[in-house]
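*Asks:* Before I ask anything, let me first share the structure, which is written out below as structure tokens.
The values are calculated or read from the model by the stated rules, or taken from the named source; none is laboratory data. Everything quoted here is computed from the prediction, not taken from an experiment. All Cβ positions, glycine included, derive from the backbone under ideal geometry; neighbour counts span all protein chains shown.
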Amino acid sequence: MADSSTPRPRATSNRSTTPQSSSFTDYISSGWAERSEVDVVARDQAAFAADRRNRLSQRFPGKRLIVPAGAAKVRSNDTDYPFRTHSTFAHLTGWGSDAVAGSVLVMEPTDAGHTATLYFRPAAGRDTNEFYANSDVGEFWTGPRPSLSNVATDLGLATLPLAQFEAVLDLVDSSALIVRDADRDMTDQVDGRRLLMADSEALEHDGDDDLSRDLSELRLVKDSYEVGEMRAAVNATQQGFNDIIADLPNIVAHARGERLVEGTFNRRARAEGNTVGYDTIAASGPHACVLHWTRNDGPVTPGDLILIDAGIELDSYYTADITRTLPIRGSFTEIQRRVYDAVLEAADAAFAIVRPGIKFRDIHAEAMRVIAEKTAEWGLLPVSAEESLLPDNQYHRRYMVHGTSHHLGIDVHDCAAARREMYLDGVLEPGMVFTIEPGLYFQPDDLTVPEEYRGIGVRIEDDILVTQDGAENLSVNIPRTADAVEAWMARS
Ligand code: GLY
Ligand code: MN
């Protein structure tokens, strides 16, 4: 890289009007008040992040570990998506939505473990033209950046200017490992350097993959800071659902009511947290049978159900992931309630077995037992529930093709690079947080079910914490039973 602190050029030079005259540059560079340092203290998460780095250090003795935050991603032309650091970077630094794009954490091996240094682009001085002439990172364009010393105190980490990351690259050899998918340019530079040092034509990435895997597995058990954030995210999400119910008269009156559901939830997210952890699913009527319905362009019609799958992500990036299915008119029809109660029974049965020592996959098996029994009881299956549950049959899965649970945390589908033996076949430990989200979806054109079932989709999703001797449903206060949902809607 020419200089790590130089952002890529944008295609806007054809309309740049920035004056170049020395009169202007002299004038705009002077006349500014002295900057005073803001007093900061270490954020709550700093000590937890240090402990996470220590645990990582123990797994990779003698290895130089490079964890980039990632760069801003282009949405189109010269507009970017809102910047979000790579999840592993956020986990190891505690720097979330206020992180500076392009930063990188380096863990340098020592005899005693590693020393960690955070490289980032600090506030630029008035002696450069960056603050007014650089629309990517200039202070007049995107806001001020913190100083090296403030970030060092805030995160409890040594800090250096990003430009000095060049010196780290010069040291990179085959013992260096990088989180590959965080920053493509940085990964290319590290690859190039390792190739040079290895004096070979090809480079294996096995070590990098081990790093990503271990970073994912480190996140399987949440620390007390993370559990606190998950609780806060769930509580903020509950407010979002309350807002949607209160707004239902407007939503029903609008031709694209689903969009208003999304907008109302998003308004709460922006006001109280940071953003949403994933695109809100606002699926009314038969749209509920599309598992990830995010187009959200349909009406919300009284008499139908609406499935809302939404989660607020806090500034720390921890997100909730909650689904509730509501009768738009305020009360369930008999058939809607029958389907709803079956899904609730599956969720409750799955929750009832959660405790340390069971396998993650047992949760899904328990939910599927109920789904098979119910669909068999209603005469929907060509065989008995028992036969359907045999691995070679699984007829009931026609009505719920997705899994029952996924880990939850900084990512809505957290710990994605963990090995199967640690995830699906893994054993539950206190501090794990995951969803339980069974559903039943009867497609509008499904000839295997009586007409009255067609177009009904129900999912109930809660966020679950494994405790020392069982489990806690973090979202238990968001009404779950059919009666409680009706009462919730009547209150609003
Ligand atoms: N909330 C969407 C999902 O879990 O896939
Ligand atoms: Mn989910």
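*Asks:* Mind listing whichever residues of segment 67-84 are in contact (Cβ under 8 Å) with a residue 40 or more places away in the chain and surrounded by 11 or more Cβ atoms within 10 Å (Cβ to Cβ)?
*Replies:* Let us first name the residues in segment 67-84 that are in contact (Cβ under 8 Å) with a residue 40 or more places away in the chain, namely 67-72, 77-78, 82, 84.
67, 68, 69, 70, 71, 72, 78, 84, listed by residue number.
*Asks:* Still on this structure, I have one more. Scan segment 383-420 residue by residue and report those that are under 18 Å from residue 179 (Cβ atoms) and away from ligand 2 (no atom under 16 Å from the Cβ).
*Replies:* Here is the first cut: in segment 383-420, the ones under 18 Å from residue 179 (Cβ atoms) are 409-411, 413-419.
Residues satisfying the conditions are 417, 418, 419.
*Asks:* Same structure, new question: Tell me the residue from 406, 413, 396, 402 that is modelled with pLDDT of 95 or more and surrounded by 23 or more Cβ atoms within 10 Å (Cβ to Cβ), please. Step through it out loud before you land on a result.
*Replies:* Details: 406 fails: surrounded by 23 or more Cβ atoms within 10 Å (Cβ to Cβ); 413 fails: surrounded by 23 or more Cβ atoms within 10 Å (Cβ to Cβ); 402 fails: surrounded by 23 or more Cβ atoms within 10 Å (Cβ to Cβ).
Exactly one of 406, 413, 396, 402 is modelled with pLDDT of 95 or more and surrounded by 23 or more Cβ atoms within 10 Å (Cβ to Cβ), namely 396.
*Asks:* In segment 290-301, which residues are out of contact with any Leu (no Cβ under 9 Å at 6 or more places or on another chain), closer than 22 Å to residue 452 by Cα and more than 15 Å from ligand 1 (Cβ to nearest atom)?
*Replies:* Within segment 290-301, 298, 299, 301 qualify.
*Asks:* Where residues in segment 106-115 are touching a residue at least 24 places away in the same chain (Cβ under 8 Å) and more than 25 Å from the chain's Cα centre (by Cα), which of them is farthest from residue 164 (Cα to Cα)?
*Replies:* Restricting attention to segment 106-115, the residues satisfying the condition of being touching a residue at least 24 places away in the same chain (Cβ under 8 Å) are 106-109, 113-115.
With the extra rule that they be more than 25 Å from the chain's Cα centre (by Cα), the set shrinks to 108-109, 113-115.
Details: 108: 14, 109: 18, 113: 22, 114: 19, 115: 16 Å.
So, considering only residues that are touching a residue at least 24 places away in the same chain (Cβ under 8 Å) and more than 25 Å from the chain's Cα centre (by Cα), the one farthest from residue 164 (Cα to Cα) is 113.
*Asks:* Among the residues of segment 302-324, count how many are of a type in the set (S, T, N, Q) and either within 16 Å of ligand 1 (Cβ to nearest atom) or modelled with pLDDT under 95 (or both). Walk me through how you get there before you give the answer.
*Replies:* Initially, segment 302-324 is screened for residues of a type in the set (S, T, N, Q), giving 316, 319, 323.
Still in the list and also either within 16 Å of ligand 1 (Cβ to nearest atom) or modelled with pLDDT under 95 (or both): 319, 323.
Qualifying residue count for the region: 2.
*Asks:* Tell me, please, whether a residue that is hydroxyl-bearing (Ser, Thr, Tyr) and in a loop (DSSP other than H, G, I, E, B) can be found in segment 392-401.
*Replies:* No, that holds for no residue.
*Asks:* Sticking with this structure for a sec: Anything in segment 407-431 that is within 16 Å of ligand 1 (Cβ to nearest atom), in contact (Cβ under 8 Å) with a residue 60 or more places away in the chain and part of a loop (DSSP other than H, G, I, E, B)? List them, or say none. Break it down stepwise before answering.
*Replies:* So in segment 407-431, the residues within 16 Å of ligand 1 (Cβ to nearest atom) come out as 407-416, 423-424.
From the residues that got through so far, the ones that are in contact (Cβ under 8 Å) with a residue 60 or more places away in the chain too are 407-412, 414-416, 423-424.
Result: 408, 409, 410, 411, 412, 414, 415, 416, 423, 424.
*Asks:* For residue 375, work out the one condition from (1) more than 14 Å from ligand 1 (Cβ to nearest atom); (2) within 17 Å of the chain's Cα centre (by Cα); (3) surrounded by 22 or more Cβ atoms within 10 Å (Cβ to Cβ) it doesn't fulfil.
*Replies:* Tallying (1) more than 14 Å from ligand 1 (Cβ to nearest atom); (2) within 17 Å of the chain's Cα centre (by Cα); (3) surrounded by 22 or more Cβ atoms within 10 Å (Cβ to Cβ), residue 375 fails exactly one: (2).
*Asks:* Kindly state which strands (runs of 3 or more DSSP E) lie completely within segment 64-131 and contain at least 1 residues that are under 19 Å from residue 212 (Cα atoms).
*Replies:* On the way: elements: 64-68, 74-76, 104-110, 113-120.
In segment 64-131, the matching strands (runs of 3 or more DSSP E) lie at 64-68, 104-110, 113-120.
*Asks:* Quick check on residue 103: is it out of contact with any helix residue (DSSP H, G or I) (no Cβ under 8 Å at 6 or more places or on another chain) and without any contact (Cβ under 8 Å) to a residue 60 or more places away in the chain?
*Replies:* Working: out of contact with any helix residue (DSSP H, G or I) (no Cβ under 8 Å at 6 or more places or on another chain): no; without any contact (Cβ under 8 Å) to a residue 60 or more places away in the chain: yes.
For residue 103, the condition - out of contact with any helix residue (DSSP H, G or I) (no Cβ under 8 Å at 6 or more places or on another chain) and without any contact (Cβ under 8 Å) to a residue 60 or more places away in the chain - is not met.
*Asks:* Restricting to segment 227-278, and then to whatever is out of contact with any His (no Cβ under 8 Å at 6 or more places or on another chain) and among the acidic types (Asp, Glu), can you tell me which residue is farthest from ligand 1 (Cβ to nearest atom)?
*Replies:* Filtering segment 227-278 for residues out of contact with any His (no Cβ under 8 Å at 6 or more places or on another chain) gives 227-257, 259, 261-278.
Pick out the ones that are also among the acidic types (Asp, Glu) and you get 229, 243, 247, 262, 272.
On the way: 229: 18, 243: 19, 247: 21, 262: 14, 272: 19 Å.
Taking the candidates together, the pick is 247.
*Asks:* Something else now. Return a yes/no flag: does segment 136-150 have any residue that is assigned to a loop (DSSP other than H, G, I, E, B), at pLDDT below 95, among the aliphatic types (A, V, I, L, M) and surrounded by fewer than 22 Cβ atoms within 10 Å (Cβ to Cβ).
*Replies:* Yes, segment 136-150 has at least one match.
*Asks:* Another question, if that's okay. So, in segment 318-350, of the ones that are among the charged types (D, E, K, R) and more than 17 Å from residue 251 (Cβ to Cβ), which residue ends up farthest from ligand 2 (Cβ to nearest atom)? Steps first, please.
*Replies:* Of all residues in segment 318-350, those among the charged types (D, E, K, R) come to 321, 324, 329, 334, 337-338, 341, 345, 348.
From what's left, more than 17 Å from residue 251 (Cβ to Cβ): 321, 334, 337-338, 341, 345, 348.
On the way: 321: 4, 334: 28, 337: 23, 338: 24, 341: 21, 345: 19, 348: 17 Å.
Looking at residues that are among the charged types (D, E, K, R) and more than 17 Å from residue 251 (Cβ to Cβ), I get 334.
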